[in-house]
Amino acid sequence: MIVLCRVCVTAPPLLGEASPSLLIQKQGDTVDMFCEASATPTPTLTWYKDGRELVSADHVTIVGRRVRLLGLSAADGGLYTCTFNNAVGSISHHIKLVIQGRFNTQSIQSITAHFTLTVSHAMPSSVSGVSEYKKT
């Protein structure tokens with residue numbers, strides 16, 4: 001008979017430090033997100049974006065407990081989740097990533113605004129400071 005331990009202690013994952021629950025970044029920026037947890041036995045970590053497992057590809061790098069996204073675009077916005085699992089439990093942390101677009105003022109030639117003023121009350125016969133007005 002092989003005895004692996006005399007007293008085996010197990011504990012479900014307990015979340016440690018992690019990125020804030022809301023991150024607001026600009027298009028083109030780089031963002032790093034992280035989650036840490038402790039447990040016995042050591043937990044596995046899986047990252048998700050909008051409920052689908054996240055894998056390293058193109059501009060997404062997953063190293064250890066960190067995810068780095070380079071050259072952010074609007075498509076990178078969403079709900080990121082880190083989930084730690086072991087034999088006795090699991091814990092998750094959610095990070096909402098909002099990507100702000102860049103406003104290109106060169107693409108705007110001119111802006112014209114049209115306003116309509118509707119007066120629903122009777123106007124007085126004279127108004128001080130106004131040289132001319134029209135009753136409707």
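For this structure, a couple of remarks:
- Global geometry of region 15-102, whether rounded, prolate or oblate, following the gyration tensor of its Cα atoms and the 1.5 cut on a/c: prolate
- DSSP bridge orientation in region 15-102 - percent antiparallel, rounded to nearest 5: 85
- For H94, net neighbour charge (Lys/Arg +1, Asp/Glu -1) across residues whose Cβ lies under 12 Å away: +1
Where a number appears in this text, it was derived from the coordinates with a stated rule and is not lab data. These figures come from a predicted structure and were not determined experimentally. Note that each Cβ is placed from the backbone with ideal geometry, even for glycine, and that neighbours are counted across all protein chains shown.
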